[in-house]
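Below is one structure, written out as structure tokens, with a few remarks after it.
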Amino acid sequence: METVPIFVGGVWREGRGPRMESRFPADGSLNTVMRAASAEDVEAAVQAAEQAWRDPAWRQRLPHQRAALLLRVSELIDAQQERLAQLQTRDNGKPLAETRALVASAAATARYFAAACETLEGELTTPRSPGIMTLSRYEPIGVVAAITPWNSPVASEMQKIAPALAAGNAVVVKPAEATPLLALELARLFEQAGLPRGLLSVLPGKGSVTGEALIRHPLVKKIAFTGGTETGRHLAHVAAEKLIPASLELGGKSPTIVLDDADVEVAARGICYGAFSSAGQACIAGTRLFVHRTLWQPLMARLVELTRALRLGHPCQPGTHVASLINEAQRERVMHYVALAREEGGTVLCGGGVPSDPTLACGPWFEPTIITGLSNQAQVCQQEIFGPVLVALPFDDEPALIAAANASIYGLAAGIWSRDSARALRLAEQLEVGTVWINTYKTFSVSTPFGGYKQSGLGREKGRQGLKAWMQQKSVYLATAPGINHWSD
Ligand code: NAD
């Protein structure tokens, strides 16, 4: 198979690093072969980016003109939605229904940041002296690095590329090793939409080589990262050494809470979706379930029933709920945690192993699994598994529930199921997490900021706040009368 080119400083060419592959997770078949970006490629991409963002033709491009470019990209994505979704499924193995939604969200993100960029206003702040006008304005940062994981590539990548360019920066993307294809496709669409050369590069390769060279490059002035907490901590150290901002979207172990007044059917369906869609490979997966003891029996019975009825299948087959995991290593990680749960005294209510269906023997499927009989201190309750494993615990009173829900190093998201919205809102205020869903789960809006508390992250993506995160604020004082602040003699 011929190697496909990568996008370095606006030029499509073979990477100068080692050979790497994209494989279809469902059966391991080869999608594409390419050469990774080497340190020299990183140098070329960053130098081109530095030149491109400083070019007056780009610096002077007004917000509505940058917005027009993003709108063209969103139209190109919409026009090719099905092809892109198929490619995303080939690259990371999610069911087509999910990758169609991811591609649609990428188009929506481009549209949103087009609108946000065009309407983002500076301020005339209140002066403290007569004859002085004070202004606050937003300016680009320069060359920014965007580093993404494999679980929702096209969405994570657009969530960084769109605001970075809307803000007037140049962006160098390092996609995850396993899933390089959609970032390269996005680069083609931006090129087709007329993005000037050098403003976007896509450098597939290993985190420890390509990613490391990128984040350490002296011309890189911001790191935007989505991925695991340990990697995020390392990137934060590098950013601290360089004294540059880092925005970090990290791991989670999100609690979902069923209060005693919840609608059991609605809650069970939402919890099942929140834990097992994307085969649990989602930072926000609701993997710690707290159920009020009065509803424990009916809720758990219905949840097990719904979970057993989930259709495990080929990601391209209509109606598939749960496709394979990304690779064998991920399945081994999940198996390790289920074994650990058993050792710690847990009871596996359903799932817990590799499915027996011979048609699923071609890839790393794992059964959606529910475990009970553990405390919140158990390792499976405290560590991110990133697979289809839900641990359920009963609770009796709200103070103990809140303490247990918050007893985690993570603080990404939470779910609450209750018929009493005011009560649910009071509870939401007490949860140490960045997003709370009430009577719904995993619903998103690009205009609503997203990010984590505690070790789930730093900073926010999405929303107007998510655009300002890619800009530097500058204050300007303008004397409107002569002689302000001169020596008085
Ligand atoms: P990961 O941390 O292993 O890798 C993420 C990215 O970082 C990859 O592109 C990788 O190559 C790169 N990387 C690794 N080491 C690097 C280094 N030294 N320098 C620069 N780049 C480096 O994460 P993953 O396994 O790809 O993704 C799963 C993790 O992502 C989970 O923990 C999940 O919770 C998290 N995640 C978080 C969010 C969020 O928004 N909070 C969203 C999706 C995934």
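Before moving on, here are some points about what is shown:
- Taking first residues from segment 42-57 that are at pLDDT 95 or above and partners that are in a helix (DSSP H, G or I) and not polar (S, T, N, Q), the Cβ contacts under 6 Å between residues at least 6 apart in sequence or on separate chains come to Val42/Ala213; Val42/Leu214.
- Matching option when the condition is within 10 Å of the ligand (Cβ to nearest atom) and either surrounded by fewer than 17 Cβ atoms within 10 Å (Cβ to Cβ) or under 22 Å from Ala469 (Cα atoms) (or both), among Gly227, Gly205: Gly227
- Breaking point among (1) away from the ligand (no atom under 14 Å from the Cβ); (2) crowded, with 24+ Cβ neighbours inside 10 Å; (3) among the charged types (D, E, K, R), for Arg269: (2)
- Helices (runs of 4 or more DSSP H) within segment 202-301 that include 2 or more residues not assigned by TED's automatic domain parsing to the domain that holds Pro18: 264-276
Residue-wise test of (1) touching a His at 6+ places or on another chain (Cβ under 9 Å); (2) assigned to a loop (DSSP other than H, G, I, E, B); (3) assigned by TED's automatic domain parsing to the domain that holds Ser156; (4) not hydroxyl-bearing (Ser, Thr, Tyr).
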{"site": "Pro394", "(1), (2), (3), (4)": "yes, no, no, yes"}
{"site": "Ala400", "(1), (2), (3), (4)": "no, no, no, yes"}
{"site": "Ser408", "(1), (2), (3), (4)": "no, yes, no, no"}
{"site": "Leu425", "(1), (2), (3), (4)": "no, no, no, yes"}
{"site": "Glu432", "(1), (2), (3), (4)": "no, yes, no, yes"}
{"site": "Val446", "(1), (2), (3), (4)": "no, yes, no, yes"}
{"site": "Gly466", "(1), (2), (3), (4)": "no, no, yes, yes"}
{"site": "Ile484", "(1), (2), (3), (4)": "no, yes, no, yes"}
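- Selection status of Glu249, acidic (Asp, Glu) and crowded, with 19+ Cβ neighbours inside 10 Å: yes
- If only residues of segment 148-181 that are near the ligand (Cβ under 10 Å from one of its atoms) and charged (D, E, K, R) are counted, the one that is farthest from Met20 (Cα to Cα) is Lys174.
- Residue check, Arg464 open to solvent by 60 Å² or more (accessible area, probe 1.4 Å) and among the basic types (Lys, Arg): yes
- Any hit, segment 179-195, residues being at pLDDT 95 or above, part of a strand (DSSP E or B) and under 19 Å from the mean Cα position of the chain (by Cα): no
- Total residues in segment 358-392, condition open to solvent by less than 10 Å² (accessible area, probe 1.4 Å) and not in a loop (DSSP other than H, G, I, E, B): 9
- Look at segment 393-408: where a residue is aliphatic (A, V, I, L, M) and a partner is surrounded by fewer than 14 Cβ atoms within 10 Å (Cβ to Cβ) and outside any helix (DSSP H, G or I), sitting 6+ places away or on another chain with Cβ atoms under 8 Å, you get Leu393/Ser375; Ala407/Gln377.
- Meets criteria (assigned to a helix (DSSP H, G or I) and touching a helix residue (DSSP H, G or I) at 6+ places or on another chain (Cβ under 6 Å)) for Leu165: no
- Selection from segment 22-43 of residues that are surrounded by 20 or more Cβ atoms within 10 Å (Cβ to Cβ) and part of a helix (DSSP H, G or I): Asp41, Val42
- Considering segment 272-299, the residues that are closer than 18 Å to Pro95 by Cβ, within 16 Å of the ligand (Cβ to nearest atom) and among the hydroxyl-bearing types (Ser, Thr, Tyr) include one that is surrounded by the most Cβ atoms within 10 Å (Cβ to Cβ), namely Ser278.
- Checking His234 against (1) open to solvent by 20 Å² or more (accessible area, probe 1.4 Å); (2) touching a residue at least 40 places away in the same chain (Cβ under 8 Å); (3) within 14 Å of the ligand (Cβ to nearest atom), the condition it does not meet: (2)
The values are calculated or read from the model by the stated rules, or taken from the named source; none is laboratory data. What you are looking at is a predicted structure, and each value in this text was computed from that prediction instead of being measured. As a convention, Cβ positions derive from the backbone with ideal geometry for all residues, glycine included, and neighbour counts pool all protein chains shown. Calculation scope for accessible area: heavy atoms of the full protein, side chains included, ligands and nucleic acids excluded. Shrake-Rupley method; radii C 1.70, N 1.55, O 1.52, S 1.80 Å.
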